[in-house]
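Accompanying notes for the structure given below.
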Amino acid sequence: MTMAQSHGFDNTVVVAKETTYGTAPTTGFKWVGIVESFDPSEAMNVDQRRGLGKRAPFALRTGAREVDASISVAVQNGRLFAYALGKVSSAVSGGGNAHTITPVGPGEQLPSMTVQNDNALLGLTRNYLGGKVDTLTLTAEAEEAVTMEAELLFTKFDDTVVTPATVTAELDNYFMFYEGAVKINTVDVADITSFELEIANNLERKFGVKQGDGSASRIEEGSLELTASITMDMTNTTQWDLFKQGNAIEVELELQDIADADHSITITLTGGLYDTNSLTASAEDNQEQELEAVFTGITVVAVDGNATLL
């Protein structure tokens, strides 16, 4: 009998906040957006031990285990922001709920997550445990849907799950490019064709001398880095002047669902300076300006119908 090959539509990916680090919760799995891809990678870092008198390795042992994954979604809610930054406060706002998301500070830790990937065709359900967001990249580009990609680090995985989680899909609109608006120093900038934000937590796996299977004991936060890349049609010299003079900037990206006043995401980047500027002139193309900026602060306000994000 020919066996059917599994496909992307045979898989689901859902996420839950862990109450005990590295332990999958039994409930609380949630929808993080329309998942377009999930790419896990597991490495055993096999140690090859060589000895005199033998050309091939004398013996092999598994080493430090590393588990990573990337997940790409069409943006519907602020959950990945909450995992990437760490602090969330929620309050009723109009007909929805406003979730204010800010970074964890000294003496605080990012929330850890379990990501569950279920392959219904093969009956294979894997829990990726002790996960944290290493980098989160949001991309808003002309003519495209707004997307986010998260690079995740985990301590280990578990494929002994008996019953996969059941999660109801959220049917809020995913955001499109024409629902975005960018302000620089409170002034609307209409000529932006691409906006990319990267949040980097510079995570590090920590291993210890202990009985176990070689998995990391924990994942530690590093320094927070906030970077934005902006591409715009060159219609004036305003941003060139800000770059040249080294003036401070504040950048706001607002995504507003045109069909639902109570569904939006607003990202405010503060304490910024332009780091690089490029003004390329080409004989056959309109001139564009490309800038990169770094920031000291970020606040994300996500408004939707969810009472809680995590």
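Computed from the coordinates by the stated procedures, all read-outs in this text should not be read as laboratory data. In this text, all values refer to a predicted model and were calculated from it rather than measured experimentally. Every residue, glycine as well, gets a Cβ built from its backbone with ideal geometry; the counts of neighbours run over all protein chains shown.
Restriction of the trypsin sites (Lys or Arg not before Pro) in the range 166-216 to DSSP coil positions whose beta-carbon has at most 13 other beta-carbons within 10 angstrom yields 210. Between 223, 37, 215, the GNM of the chain built on Cα springs shorter than 10 angstrom shows 223 fluctuating the most. Let me make sure I get this right: for the chain, a, b and c are the square roots of the gyration tensor eigenvalues over alpha carbons, sorted descending. Under 1.5 in a/c it's rounded, otherwise prolate if a/b > b/c, else oblate. Which is it? Since a/c reaches 1.5 and a/b is larger than b/c, the shape of the chain is classed as prolate. When +1 charges are put on Lys and Arg Cβ atoms and -1 charges on Asp and Glu Cβ atoms, the dipole computed for the chain relative to its Cα centre reaches about 2280 debye.
Among the lysines of the chain, pairs that are 8 or more positions apart or on different chains and have alpha carbons within less than 18 Å of each other number 11. Among the trypsin sites (Lys or Arg not before Pro) in the range 22-105, those placed in a DSSP loop whose Cβ has at most 16 other Cβ atoms within 10 Å are 50, 54, 55. When the Cα positions of 106, 173, 192 are compared along the charge dipole of the range 95-206, 106 comes out farthest toward the positive end, with charges on each C-beta of Lys, Arg, Asp and Glu.
Given R₀ = 35 Å, FRET efficiency for residue 210-residue 290 by Cβ-Cβ distance, to 0.05? Kindly include the intermediate steps, with their values, before the conclusion.
Details: r = 48 Å, r/R0 = 1.37.
Between residue 210 and residue 290 the formula returns 0.15.
Along the charge dipole of the range 1-109, Cβ charges K/R +1 and D/E -1, which of 70, 26, 45 sits furthest on the positive end? Of the listed residues, the answer is 45.
Is the range 234-285 rounded, prolate or oblate when judged by the Cα gyration tensor, a ≥ b ≥ c being the square roots of its eigenvalues, rounded requiring a/c under 1.5 and prolate requiring a/b larger than b/c? In terms of gyration-tensor shape, oblate.
Per the helix-only calculation at 222 nm, which mean residue ellipticity applies to the chain, given -39500 (n - 2.57) for every DSSP H run of n ≥ 4 and division by its residues, nearest 500 deg cm²/dmol?
Helix contribution divided over all residues of the chain: -1500 deg cm²/dmol.
Relative to the current alpha-carbon distance between residue 58 and residue 92, full extension at 0.36 nm per residue lengthens the span by 5.8 nm. Under the combined filter of DSSP loop state and at most 15 neighbouring Cβ atoms within 10 Å, the range 1-103 retains these chymotrypsin sites (Phe, Trp or Tyr not before Pro): 21, 58.
Sorted by packing (mean other beta-carbon atoms within 10 Å per residue), highest first, where do 88-100, 292-304 land? If you can, show how the numbers build up before the last one.
Details: 88-100: 15.0, 292-304: 19.7.
Top to bottom by mean Cβ count within 10 Å: 292-304, 88-100.
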